[in-house]
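Trainee: Input: one structure, supplied below.
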Ligand code: TMP
Ligand code: ASP
């Protein structure tokens, strides 16, 4: 597989073409952004951890029949993925109210929701990813009714699976964001899970202490983001001895860099 030109650079990842027109390389950067790019930083080692955590979750999801874009992880920062046409919607799934919904609707932080709540945001940085309804999606043809119905079914299965997976390692899945993409499989149009699932795109709280183990550590200036992401990876059984050393080195490296500045 040959890496070719850069196709797209987002806030946290870069997509490169390959010599296979159906496959691209997804590169995980260390850049962290929040509040629609208003807050920015580089957190050494974050991309490595997200690459591993996302690979773990997406390959587990594929084992329960959730089709997704992951082909295989290539190295510490890159994975080969299937080229899809991303549906321009961020699907947010909430089990517990926190973050933007508490401010938007005045809901008390930490309120456990009766049922998982799905919200839709238009994927448009210039507009600040505004909240939209299913009616907007249909009115402006951002996705079809069949696509939305399929995605909703997938979302609920993904949520059930991920709640169980995280609960098993002492973590509460509070909320998360998913993206889906269109692809032709055996001549048939399908919608599959795309992008990443990582502590950048989920809210993860320790089951007992409710310590935040996700990007809120950056959003809220809580510090120790790398140790928190490393903790998630370790609990999921991803970091074995060698990668463990890497993660420790990454932690040391970032503290050395911080001191130097
Ligand atoms: P919110 O409370 O800020 O709306 O975020 C809900 C969830 O979606 C949370 O797990 C973080 C994730 N998310 C992203 O992954 N990307 C985004 O651009 C936003 C706004 C949220
Ligand atoms: N990813 C979004 C940004 O870069 C928002 C967030 O994750 O809080 O601004």
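Here, each number is a calculation from the coordinates, and none is a lab measurement. Computed from a predicted structure; not experimentally measured. Neighbour counts are summed over all protein chains in view; Cβ atoms, including those assigned to glycine, are modelled from backbone coordinates with ideal geometry.
Trainee: Could you list all residues from the stretch 38-76 that are under 15 Å from the mean Cα position of the chain (by Cα) and either in a loop (DSSP other than H, G, I, E, B) or free of Cβ contacts under 8 Å to residues at least 12 places away in the same chain (or both)? Even if it seems obvious, please write down each step before you answer.
Mentor: Residues of the stretch 38-76 under 15 Å from the mean Cα position of the chain (by Cα): 46-61, 68-70.
Answer for the stretch 38-76, where residues must be under 15 Å from the mean Cα position of the chain (by Cα) and either in a loop (DSSP other than H, G, I, E, B) or free of Cβ contacts under 8 Å to residues at least 12 places away in the same chain (or both): 59, 69.
Trainee: Out of all the residues in the stretch 187-236, which are part of a loop (DSSP other than H, G, I, E, B), touching a strand residue (DSSP E or B) at 6+ places or on another chain (Cβ under 6 Å) and surrounded by fewer than 23 Cβ atoms within 10 Å (Cβ to Cβ)? Reasoning before the result, please.
Mentor: First, the residues of the stretch 187-236 that are part of a loop (DSSP other than H, G, I, E, B): 187, 195-201, 207-211, 213-215, 220-224, 236.
If we keep only those that are touching a strand residue (DSSP E or B) at 6+ places or on another chain (Cβ under 6 Å) as well, we get 195, 201, 207, 213-214.
Across the stretch 187-236, the qualifying residues are 201, 207.
Trainee: Which residue out of 15, 81, 66 is within 28 Å of residue 144 (Cα to Cα) and in contact with a helix residue (DSSP H, G or I) (Cβ under 7 Å, 6 or more places away or on another chain)?
Mentor: Numbers: 15 fails: in contact with a helix residue (DSSP H, G or I) (Cβ under 7 Å, 6 or more places away or on another chain); 81 fails: in contact with a helix residue (DSSP H, G or I) (Cβ under 7 Å, 6 or more places away or on another chain).
Going through 15, 81, 66 in turn, just one is within 28 Å of residue 144 (Cα to Cα) and in contact with a helix residue (DSSP H, G or I) (Cβ under 7 Å, 6 or more places away or on another chain): 66.
Trainee: Being exposed (fewer than 10 other Cβ atoms within 10 Å of the Cβ) and touching a strand residue (DSSP E or B) at 6+ places or on another chain (Cβ under 6 Å) is the filter here, so list the residues in the stretch 96-141 that pass it.
Mentor: 112
Trainee: On to the next question. Just one of the numbered conditions (1) more than 17 Å from residue 183 (Cβ to Cβ); (2) assigned to a loop (DSSP other than H, G, I, E, B) is not true of residue 143; which one?
Mentor: The single condition residue 143 does not satisfy is (1).
Trainee: Return the pair list, or none, for Cβ contacts closer than 7 Å from residues in the stretch 126-147 that are closer than 30 Å to residue 188 by Cβ to residues that are in a loop (DSSP other than H, G, I, E, B) and away from ligand 1 (no atom under 16 Å from the Cβ), at least 6 apart or on different chains.
Mentor: As it stands, the answer is 137/143, since those pairs meet every condition given.
Trainee: Within the stretch 11-37, track down each residue that is part of a loop (DSSP other than H, G, I, E, B) and under 21 Å from residue 52 (Cα atoms).
Mentor: So in the stretch 11-37, the residues part of a loop (DSSP other than H, G, I, E, B) come out as 11-12, 19-22, 29-30, 35-37.
Correct list: 11, 12, 29, 30.
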